[in-house]
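**Student:** To start, I am sharing the structure in question, which I have written as structure tokens.
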Amino acid sequence: MHLKIALLGGDGIGPEVLAQSVKCLKAIEETFNHNFELVEAPVGAIAISGTGKPLPDSTLKLCHEADAILFGAIGALEYDNNPEAKVRPEQGLLKLRKELGLFANIRPVKMFQSLIKNSPLKENIVKGTDLVIFRELTGGIYFGEKHINQDGTVASDLCEYSEKEISRIAHMAFKAAKKRKKKLTLVDKANVLESSRLWRKTVTEIGKSYPEVKFECMFIDNAAVQMMLNPSQFDVILTDNMFGDILSDQGSVIIGSVGLLPSASIGANNAMFEPFHGSYPQAKGKNIANPVASIFSTAMLLQHFGLDEEANAIVFAVHESFAKKVVTADILGSSKYGTDYVGDFISEHIVDSDENLNI
Ligand code: IPM
Ligand code: MN
């Protein structure tokens, strides 16, 4: 298969972890006889310093043309500490999502049995966690009208959703649930928010055409608690942009490191794959960042194009690294292995095997 993949390393540790994904893509190319055309482009703070824009036109054009995008991370300390900055790295990512219509953000949270001791939560609570969050990504409070009054003392962000925006991701989430444990939990705040009530009404109606999927609704405050008390009760979680952002980071606590979790952002004509984690500027250039989230995101990319054996080969190699404890310090507290070494180990262990492993 020929795939054109845009590589957007971005800021902080983004380029370092992405480099490990590239090693894996090269190994997949060789082992399975594919042809991946990899093209790099700037985004985020690094793009602002180069062009004044967090998402240069040439980068957006490349992303439109590419079959898929592998994304590193975005964000830099100088912006985090300066709320006044009008041009911000995050705008690059948000614009990319909006322009490419990447409306469904899929974030699997699966416990790795071999790393169960790494979770800060009790083993009996986190054991067997296998859930996936479907977060709406191009609507809601992130993209609603923003306003600040003349003297800067009153500000607002509008949370708006249309039935169409809700139903397209709802269908996707129900279809996923059908293939998994057949349960879907809609997370909202329908006791307070009008937009949440529209979600509840629309998704309840759609649920009727998926009778094999058990459908339930949960308020976000309760869902946050339930996720810590009994994460195994969840299969597919469907939620809006803001709740999904928060809940997915919370979900990463179960696993013990945000450095392990991948995500896919899917639209009608394009798809982008990126780690859960941010740019972790403090670790930039230190060769300590965990490349697994980026490598798993690469596996999700391959899966998206029906390359299941190839995705499996990556997951298998990552499991090998867990088994041999070739992991970065976020996993074991301390480690003699750096980003590069772990990336080499995983890419060198990519083989065509019959294992069937899911992310
Ligand atoms: C994420 C990030 C982004 C978001 C930021 C960087 C804009 O936190 O992908 O979860 O809030 O969506
Ligand atoms: Mn987030």
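Just so it is clear, none of the values below were taken in a lab; they were calculated from the coordinates. These figures come from a predicted structure and were not determined experimentally. Cβ coordinates were reconstructed from backbone atoms using ideal geometry, including for glycine residues, and neighbour counts include every protein chain displayed.
**Student:** Could you compute how fast the stretch 214-293 diffuses translationally, taking Rh as the Kirkwood radius over C-alpha pairs and applying Stokes-Einstein at 25 °C with viscosity 0.890 mPa s? Give it in µm² per second.
**Tutor:** Taking Rh from Cα pairs, D becomes 169 µm²/s.
**Student:** In nanometres, what is the gap between the two model label sites at residue 194 and residue 29, each 7 Å from Cα along Cα-to-Cβ?
**Tutor:** Distance between the two pseudo-spin positions: 5.3 nm.
**Student:** Under a Cβ-only charge scheme (Lys and Arg +1, Asp and Glu -1), can you give me the dipole magnitude of the stretch 1-144 about the Cα centre, in debye to the nearest 20?
**Tutor:** The calculation lands at about 440 debye.
**Student:** Per the helix-only calculation at 222 nm, which mean residue ellipticity applies to the chain, given -39500 (n - 2.57) for every DSSP H run of n ≥ 4 and division by its residues, nearest 500 deg cm²/dmol?
**Tutor:** The helix contribution divided over the chain gives -13000 deg cm²/dmol.
**Student:** Next up: Evaluate the distance, in nm, between pseudo-label points positioned 7 Å from the Cα of residue 157 and of residue 171 along their respective Cα→Cβ axes.
**Tutor:** 2.9 nm
**Student:** Under 19 Å between alpha carbons, and skipping anything fewer than 8 positions from residue 122 in its own chain: which lysines qualify?
**Tutor:** Once the sequence-local lysines are set aside, what remains near residue 122 is 110.
**Student:** Let a ≥ b ≥ c be the square roots of the eigenvalues of the Cα gyration tensor of the chain; is it rounded (a/c under 1.5), or, if not, prolate (a/b larger than b/c) or oblate?
**Tutor:** It comes out rounded by the Cα gyration axes.
**Student:** So, one more: When a/c is below 1.5 the answer is rounded, else prolate if a/b is larger than b/c, else oblate, so apply that to the stretch 179-231 with a ≥ b ≥ c taken from the square roots of the Cα gyration tensor eigenvalues.
**Tutor:** Cα axes put the stretch 179-231 in the oblate bin.
**Student:** Ok, one more. Measure off 7 Å from each Cα along the Cα-to-Cβ vector at residue 65 and residue 2, then give the distance between these two points in nanometres to one decimal.
**Tutor:** 1.3 nm
**Student:** If you don't mind, there's one more thing I want to ask. Would you mind checking 175/214; 61/95; 26/179 for any pair whose Cα atoms are more than 20 angstrom apart?
**Tutor:** Pairs exceeding 20 Å: 26/179.
**Student:** Just from the alpha-carbon atoms, what are the Rg and Dmax of the stretch 288-354 in angstroms?
**Tutor:** Final numbers for Rg and Dmax: 11.9, 37 Å.
**Student:** Quick check on the stretch 1-74: take the gyration tensor over C-alpha atoms, sort the square-rooted eigenvalues as a ≥ b ≥ c, and tell me if it's rounded (a/c under 1.5), prolate or oblate.
**Tutor:** Oblate, since a/c reaches 1.5 and b/c is not below a/b.
**Student:** Using the Karplus equation 6.51 cos²θ - 1.76 cosθ + 1.60 (θ = phi - 60°), what ³J(HN,Hα) coupling, rounded to whole Hz, does each residue of the stretch 103-114 give in order, writing x for Gly and Pro?
**Tutor:** Once rounded to whole Hz, the list reads 7, 10, 9, 10, 10, x, 10, 10, 6, 9, 3, 5.
**Student:** Kindly write out, for the stretch 282-297 in residue order, the coupling ³J(HN,Hα) from the Karplus curve 6.51 cos²θ - 1.76 cosθ + 1.60 (θ = phi - 60°), rounded to whole Hz, with x marking Gly and Pro.
**Tutor:** Per residue, the Karplus-derived 3J(HN,Hα) values read 5, 9, 3, x, 8, 6, 10, 5, 7, x, 5, 4, 5, 5, 5, 4 Hz.
**Student:** Can you tell me what share of the DSSP beta bridges in the chain is antiparallel? A percent to the nearest 5 is fine.
**Tutor:** 40 percent
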